[in-house]
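One structure below.
The values are calculated or read from the model by the stated rules, or taken from the named source; none is laboratory data. Because the structure is predicted, anything quoted here is derived from the model rather than measured. Please note: Cβ atoms are built from the backbone with ideal geometry, for glycine as well, and neighbour counts cover all protein chains shown. With ligands, DNA and RNA removed, areas are computed over all heavy atoms of the protein, side chains included. Shrake-Rupley method; radii C 1.70, N 1.55, O 1.52, S 1.80 Å.
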Amino acid sequence: MDPRLERAWPEPEHPYTPGESEFRTDLERIRFAQSFSRLAEVTQVVTAGATNGVVHNRLTHTLKVTAVARSIAVRLLRTEDRGVLRRLGGLDHVVVQAAAGAHDLGHPPFGHLGERALDRLARERFGLADGFEGNAQTFRILSELEVLGPGDNGLNLTAAVRAAVLKYPWARFHHPDPHPTDWADPPRGAGHGSGGTGAAKFSSYLIDLPEMLTSLEPFPDLPPGRQTLECSVMDLADDIAYSLHDVEDFHRSGVLQFSPVSGEFRTWLSERRALAALEQRGLAAVGREPGAGLERLRRRLQSRDDWVFDEATFAAAVAAVGDEFVDGVLASPYDGSMIAERAISGFVSRWIDHLVSSVTLDPDPPVRSGYVRMSARTWHEVSVLKFVNTYFILDRPDLAMFQRGQEQTVRHLVTGFDRWLSDRSDAARAPHRLLDLVNSATYGYERIAATHPEWLDGRTSDAELARMGRGRGIVDFVSGLTDAQAVAFAATLTGTSGSLWTNGGL
């Protein structure tokens, strides 16, 4: 038996605090990891220089997710039947904190754009069928890429903590069988990805699938595709923090403007019956006219999440966010003053308390939910808050040129390192970390070819395994850079900067 399974569930010294348990050791291993420190130099939403106010990076976001996750877990431990908690796999707030601390480790440079670019390059250039996915990269970092000490791959975490980061406990293909993409009612995240096949979200590459299966062994009663209870708490905390921190940062940066947001909310509230009466073609024709975005959101939620969606509750959520955030915060431009800071920080604090207090246990959840969930009211409110960020920031046409430049940076990195490693006379001078990652990935694919060749769909020749190993190693390396390192390394590889050592170094 894997020795980590024997310490899957150390007995707590107190009902609510495990003391110096192995879970706390896991938490500290994550916090001391190099990949955790890197998050301080990865942008969450906007760069710090874009605003007079303090904005989030991936590290500050992670710390706040950890705080929210702990708050939810402690609340459940105090209010729910402990026998029910044990029957659902157990709940320890330190495990939840560890999972929250690790949840963004696989986040690549340039956010979701970098993720999409790496996914496409991995599939098209290297033939990696499962491409790149941030959650799968997180699990790979914890179980393989981080180095704890001599002879160890990964951080040697307990099974409970490893399972708690598996937000989408399936691979892009093959596992489980039948695959979630073929289920009549697929779980959240299991829809087809940008490549057209396989799951859009997943928590393990095929190369790491044996490790994922080992991590889930202590949870034999967990249904296929279901998060552990502790993972569900972490995932919900991430949702809560993300929905508030993004609008907070965009308000501070001055990018989120009152007039268009207010127009969208007011128009939808006053004309929602007329908008609902539009056929799909008619709604598409109105483009980004006020009210159209919220109407598209309403239809999407109704279609995908009919288990919780309610017309009246959605309208109430639009009114609540419109009243408290749009009219209550956004109406006054952020100028760095204490009054402006009190307005936005007070809103975020009140709403975190509001959302966390609505969380309850659900022992028999719908397939698109987890063992814990918010009330219907707060679920709709979080959906509306996320809409503000997506519709008024991420989907803005004027960001397209900037984003295309970032995509080209990722492409230059991947192709540049691939060409370097193809140069037999100079490949040995590539960064040592890159060479180590390629060797580790190649060995991993050779191991899969020997034990589960069906996962590789017949691509098991030495040349194919070497190509996949090189591709995965390069993707591992590039995804582990900070935003600034990615820009500097790409400029150096293309010969457009002076010195590598003045741009972040190796």
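So the values come out like this:
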read-out: Residue match in region 136-150 (condition: in a loop (DSSP other than H, G, I, E, B) and without any contact (Cβ under 8 Å) to a residue 60 or more places away in the chain); value: yes
read-out: Flag for Leu297 being in a helix (DSSP H, G or I), of a type outside the set (Val, Ile, Thr), touching a Phe, Trp or Tyr at 6+ places or on another chain (Cβ under 8 Å) and closer than 30 Å to Lys64 by Cβ; value: yes
read-out: Residue selected from region 222-242 under the condition among the polar types (S, T, N, Q) and under 11 Å from Gly89 (Cα atoms), by the criterion least open to solvent (accessible area, probe 1.4 Å); value: Thr228
read-out: Helices (runs of 4 or more DSSP H) wholly inside region 154-262 containing at least 1 residues that are charged (D, E, K, R) and farther than 28 Å from Glu124 by Cα; value: 159-164, 229-253
read-out: Residue match in region 392-401 (condition: modelled with pLDDT under 95 and buried (at least 18 other Cβ atoms within 10 Å of the Cβ)); value: yes
read-out: Phe139 being more than 14 Å from Cys231 (Cβ to Cβ) and touching a helix residue (DSSP H, G or I) at 6+ places or on another chain (Cβ under 9 Å); value: no
read-out: Scan of region 172-203 for residues that are open to solvent by less than 30 Å² (accessible area, probe 1.4 Å) and either touching a residue at least 60 places away in the same chain (Cβ under 8 Å) or more than 23 Å from Leu105 (Cα to Cα) (or both), ordered by number; value: Pro176, His179, Pro180, Pro187, Gly193, Gly198, Phe202, Ser203
read-out: Qualifying residue in region 354-377 (condition: of a type in the set (A, V, I, L, M), out of contact with any His (no Cβ under 6 Å at 6 or more places or on another chain) and under 21 Å from Glu271 (Cβ atoms)); value: no
read-out: Val255 vs. criteria modelled with pLDDT under 95 and more than 29 Å from the chain's Cα centre (by Cα); value: no
read-out: Qualifying helices (runs of 4 or more DSSP H) (wholly inside region 66-128; at least 3 residues being open to solvent by 10 Å² or more (accessible area, probe 1.4 Å) and more than 26 Å from Phe402 (Cα to Cα)); value: 82-87
read-out: Qualifying positions in region 411-464 - of a type in the set (Asp, Glu) and over 18 Å from Gln137 (Cβ atoms); value: Asp418, Asp423, Asp426, Glu446, Glu454, Asp457, Asp462, Glu464
read-out: Subset of region 326-344 (residues that are surrounded by fewer than 17 Cβ atoms within 10 Å (Cβ to Cβ), touching a residue at least 40 places away in the same chain (Cβ under 8 Å) and part of a helix (DSSP H, G or I)); value: Asp327, Glu341
read-out: Any hit, region 278-285, residues being in contact (Cβ under 8 Å) with a residue 24 or more places away in the chain and either charged (D, E, K, R) or within 30 Å of Glu80 (Cβ to Cβ) (or both); value: no
